[in-house]
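Below: the structure, in structure tokens.
The values are calculated or read from the model by the stated rules, or taken from the named source; none is laboratory data. Everything numeric here is computed off the predicted structure, so don't read it as measured data. Here the Cβ is made from the backbone with ideal geometry for all residues, glycine too, and neighbour counts use every protein chain on show. Areas reflect the complete protein model, heavy atoms only, side chains present, ligands, DNA and RNA absent. Shrake-Rupley method; radii C 1.70, N 1.55, O 1.52, S 1.80 Å.
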Amino acid sequence: MPGTNLTREEARTRADLLHVDAYDIELDLSSAREGGTFRSTTVVRFSANTPGAATFIDLVAPSVEEIILNGERLDNANFADNRIALPDLAAENELRIVADCAYTNTGEGLHRFVDPVDGETYLYTQFEVPDARRVFATFEQPDLKATFAFTVTAPEGWVVVSNSPTPTPVGDGDTRLWTFEPTGRISSYITALVAGPYVGVFDSYENGDQTVPLGVYCRPSLREFLDAEAIFEVTKQGFDYFQEKFDFPYPFAKYDQLFVPEFNAGAMENAGAVTLRDQYVFRSKVTDAAYEARAATILHELAHMWFGDLVTMEWWNDLWLNESFATFAEAVCQAEAPGSKWPHSWTTFANQMKTWAYRQDQLPSTHPIMADINDLEDVQVNFDGITYAKGASVLKQLVAYVGQDAFFQGVRAYFKRHAWGNTRLADLLGALEEASGRDLKAWSKAWLETAGINVLRPELTLDGDGGIESFAVLQEAPALPAGAKGEAVLRPHRIAIGLYELTDGTLVRTDRIELDVDGPRTEVPELVGRRRPAVILLNDDDLSYAKVRLDEDSLAVVTEHLGGFTDSLPRALCWASAWDMTRDGELAARDYLALAVSGLARESDIGVVQSVHRQVKLALDSYTDPAWREQGLAQWAEAAEEQLRAAQPGSDHQLAWARTLASVARSAGQLDLLAGLLDGSVEIKGLAVDTELRWTLLGRLAATGRADEAAIAAELVRDNTAAGQEHAASCRASVPTAEAKAAAWASVMESDKLTNYVQDAVIAGFQQADQTELLAPYTAKYFAALKGIWESRSHEIAMLIIVGLYPAVQVEQATLDATDAWLSTADPAPALRRRVVEQRAGVERAIKAQAADRAAGARALGH
Ligand SMILES: [Zn+2]
């Protein structure tokens, strides 16, 4: 439906024509408990600079009741293909539209959820990118800002929260009327409404004369787990830090954070009414890495209040800047804010953001950070590792390049100059050039307008006494995958080189040199004449964005003493480098496993531990020679059991190893252990077998045929919550029988009744690397169904299916062939094609990595 896919050209034309003043939006949610549709009445006042011209307003709704433009009723046939045609505009216009809009179960528009614990209905909106139009008629583009005044009729006993402060509701009987004050001038995609019998906890941020009311909300069934104090603490640290760095007071009247069910993303920066996924309200023990991730999300959304909400991109091609800035801001705030519990945030950044970026940047779909976003479908597939993670990495590099003080000085000028307005990248770069005195045009061209990752390698010669005779940093152009956009270029890098000495098994940094690397070869005279240290680490402190290789001697030391670095950041960089080499087939998967087993024993950073666990699992499932895979899995499972038993009781490491054992247990003894932990006949000191861990254990038992339907049903009785229902659905889909697979498949592919979360759970259970034979018939079914899914489902749901059910577990040429046959005959839409091509690339990479692993195995056997 072209009407839903607004193009950049259409948006530009409409922005040239219109100035939007104000929306008054009345929503009648008295039908919420029944579902179906709700009445939506929009009155929008706007001016047009060319009287007599025509335009359109966006609306996705089952039906329109009334369209009145400047007092005249228009034919309802003006509503077609999700737009309402508006002919013959006056200079000043008032448009009234009455429509019936639909509640959704996909997390887009107005999501409706019923909590099985209390049977109550909970609603929330999610509008980015183009889904405000599912709730009210709107000019759905970020540069047509306006004020928004919501009036909401809701069932008695409910709470209604929006961007403006929560009013006292009026009325009696079954419903109440909530009349919100108009917002400041904001974009439609950051308006919000959360309604239902949610419960709130309140506090305030105080700073001199300034008072900002703070609220934290969740469903009553999660209230006992809501640690509001911890959330307020991080939030206040963020307020202090950002207000000082941005030199601009928080721009909205209050700040609510609402933990909502079945949320597709991590969180959303609605102005003054941030929504977050409610898995962030922890029902069971989680590791400190989960608290750190939640704090990062809280700070990310808070940073958006300035960067994104107060000053907003003109069009979605600058989405990357919006997301990169918030991602950089979350990390720098955690690293520097007084009282921060996670001052090692740059380790986490290196460990997670960088690896995400490196992975995405080597897919055939990679693209320059500044992407061409011609329409809404382009932007919807661009919430990717380039936009968030590479963009943020490059922003970190920009800060190193201009200096942090100059960076924030430029940012301050930018907020003052563009408050409540819209901008392009050039506006920010201009402010940074003024502040830093550096010309950023060449920098921007090299970093933002080209794709791919450079490789940095050391080149050194030694004299007879172990002194460094010469040292240079070599830079390679990115190896762009076939079909990738853009040219491969060398870039200017601001990097640090760390020098480490080995003493009693620990690696301590003894010196650090910071320099500009440019071109294919950069000499480093500062190193000449020194004695060679044990490890020379390029891109130490992770300032730049590059793949880094170690010289042979450094690699030998690191391989043996990876756990010996006293700081977590160089360890994370070396872990990342090893993983990168594994993915590239330069390090055999079995050697990566060996490195992980030895290195993890000394790895204290729990976030790094959990990342390496995930990577080892992926390596074993996809990158090992199939003939050796069972052996590798058995080694890993044994290591997991050993570490689980050796870990400090009650520690995060103990929990992480318990989960890993549960993901990989295969021997009868190990499965007995899981079953014993689950039924309480076995205990491991300090390990709390709580609600979530029980499901993890049961999940493995179900997938290996050790737990039947009765066991799953019994567990659901114990935990009959929304999360419990999702886990149960996942367990059922994982059962290793053809019947279970067929039922799971049908529930996702042949019906749209599953909510986004249940569908996601079913897919996760369905796909099992140990069940390739059972899953083999679904490759053909997948390709046969793909286009129908794309055309009939909402964007989020279609993406879950396309990515989640791709036959990634079938690492073989036949999968590539089936994909290629589909690509050449199906003529898919670009966004659909992109997702399928990305999945194909994963299988292609795995086939190559398996060959490397097979070769390593043959070498070891002396063939
Ligand atoms: Zn964001």
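Past 30 Å, Cα to Cα, is the threshold; run Lys236/Lys354; Lys390/Lys416; Lys547/Lys848; Lys416/Lys485 against it and keep the listed order.
Working: Lys236/Lys354 28 Å; Lys390/Lys416 27 Å; Lys547/Lys848 19 Å; Lys416/Lys485 36 Å.
Cα-Cα > 30 Å for Lys416/Lys485; rest within.
Using the charge dipole of the chain (Lys, Arg: +1 at Cβ; Asp, Glu: -1 at Cβ; taken about the Cα centre), state which of Ser162, Ala451, Gly467 has its Cα farthest towards the positive end.
With unit charges placed on the Cβ atoms, the residue in question is Gly467.
Where in the chain are the DSSP H helices whose alpha-carbon span along the long axis reaches 27 Å or more and whose Kyte-Doolittle mean is at least -1.0? Could you put the intermediate results ahead of the total?
On the way: long enough: 626-646 (31 Å, -0.90); 830-860 (45 Å, -0.53).
Result, helices passing both filters: 626-646, 830-860.
According to the square roots a ≥ b ≥ c of the eigenvalues of the Cα gyration tensor, what is the shape class of segment 448-534, taking rounded for a/c under 1.5, prolate for a/b larger than b/c otherwise, and oblate for the remainder?
On the way: a/c = 2.63, a/b = 2.13, b/c = 1.24.
Prolate is the answer for segment 448-534, as a/c is 1.5 or above and a/b outweighs b/c.
Along the charge dipole of the chain, pointing to its positive end and built from +1/-1 on Cβ of Lys, Arg, Asp and Glu, which listed residue (Ala784, Ile712, Phe325) has its Cα farthest out?
Sorting the options by dipole projection puts first Ala784.
For segment 348-391 and segment 693-756, compute the distance between their C-alpha centroids and round to whole Å.
33
For segment 322-384, with all protein chains present and a 1.4 Å probe, just round the carbon and sulfur fraction of the accessible area to a whole percent. Please list the in-between numbers first.
Numbers: 960 of 1880 Å².
The computed percentage sits at 51.
Rank Leu17, Asn76, Gln126 by how far each Cα sits towards the positive end of the charge dipole of segment 1-129 (+1 on Lys, Arg Cβ; -1 on Asp, Glu Cβ) and give me just the farthest.
Towards the positive end, the residue furthest out is Leu17.
For the residue pair Lys753 and Asp16, what label-to-label distance in nm results when each label sits 7 Å from Cα along the Cα-to-beta-carbon direction?
Between Lys753 and Asp16, the label points sit 5.1 nm apart.
In debye, nearest 20, what is the charge dipole magnitude of the chain about its Cα centre with +1 on Lys and Arg Cβ and -1 on Asp and Glu Cβ, if you could check? Display every interim value, and only then the final one.
Details: 77 positive and 125 negative charges, 225 e Å.
For this selection, approximately 1080 debye.
Using a Förster radius of 35 Å, what is the FRET efficiency between Ser47 and Asp372 based on their Cβ-Cβ separation? Nearest 0.05, please. If you can, show how the numbers build up before the last one.
Numbers: r = 31 Å, r/R0 = 0.89.
The pair Ser47/Asp372 has a calculated efficiency of 0.65.
What nm value, rounded to one decimal, do you get for the distance between Thr510 and Asn207 when each label is placed 7 Å out toward the C-beta?
The modelled label-to-label distance comes out at 4.5 nm.
So what's the gap between the Cα centers of segment 461-519 and segment 71-90, to the nearest angstrom?
Computed from Cα coordinates, the inter-centre distance equals 62 Å.
How much of the accessible area of segment 490-535, in percent, comes from carbon and sulfur atoms when a 1.4 Å probe is used?
Values: 1070 of 2150 Å².
The nonpolar share, carbon plus sulfur, comes to 50 percent.
Between segment 521-561 and segment 574-588, what is the C-alpha centre distance in whole Å?
With segment 521-561 and segment 574-588 each reduced to a Cα centre, they are spaced 17 Å.
At most 16 other Cβ atoms within 10 Å and a DSSP loop assignment: could you name the trypsin sites (Lys or Arg not before Pro) in segment 496-603 that fit?
Values: sites: Arg509, Arg512, Arg521, Arg530, Arg531, Lys547, Arg549, Arg571, Arg583, Arg590, Arg602; in loops: Arg530, Arg549, Arg602.
Taking segment 496-603 and a limit of 16 other Cβ atoms within 10 Å, the loop trypsin sites (Lys or Arg not before Pro) found are Arg530, Arg602.
Whole number in Å², please: accessible area per residue of segment 511-583, 1.4 Å probe, ligands, DNA and RNA not counted. Intermediate results must be reported in sequence, preceding the final value.
Numbers: 2650 Å² over 73 residues.
That works out to 36 Å² for each residue.
Given a 1.4 angstrom probe, what's the average accessible area per residue across segment 317-363, in square angstrom? Please list the in-between numbers first.
Numbers: 1290 Å² over 47 residues.
Here the per-residue accessible area is 28 Å².
Collect residues whose amide H, placed 1.01 Å from N in the peptide plane, falls under 5 Å from the amide H of Thr104; neighbours closer than 5 in sequence don't count.
Leu110, His111, Arg112
Suppose all protein chains stay in the model; what accessible area per residue would a 1.4 Å probe give for segment 1-79, in Å²? Intermediate results must be reported in sequence, preceding the final value.
On the way: 3650 Å² over 79 residues.
Value returned for segment 1-79: 46 Å² of accessible area per residue.
Once every DSSP H run of n ≥ 4 in the chain is given -39500 (n - 2.57) and the sum is divided by its residues, what mean residue ellipticity at 222 nm do you get, rounded to the nearest 500 deg cm²/dmol?
On the way: 28 runs with 357 residues, N = 863.
So the helix-based figure for the chain works out to -13000 deg cm²/dmol.
For a Förster distance of 51 Å, can you work out the FRET efficiency between the beta-carbons of Asp174 and Arg833, rounded to the nearest 0.05?
The pair Asp174/Arg833 has a calculated efficiency of 0.55.
Quote to one decimal, in nm, the extra length available between Asp465 and Glu229 on full extension: 0.36 nm per residue of separation minus the C-alpha distance between them. Intermediate results must be reported in sequence, preceding the final value.
Numbers: separation 236, 0.36 × 236 = 84.96 nm, distance 5.93 nm.
Length difference between fully extended and current span is 79.0 nm.
First measure r as the distance between the Cβ atoms of Thr151 and Arg33, then evaluate 1/(1 + (r/R0)^6) with R0 = 22 Å and state the FRET efficiency to the nearest 0.05.
About 0.65, to the nearest 0.05.
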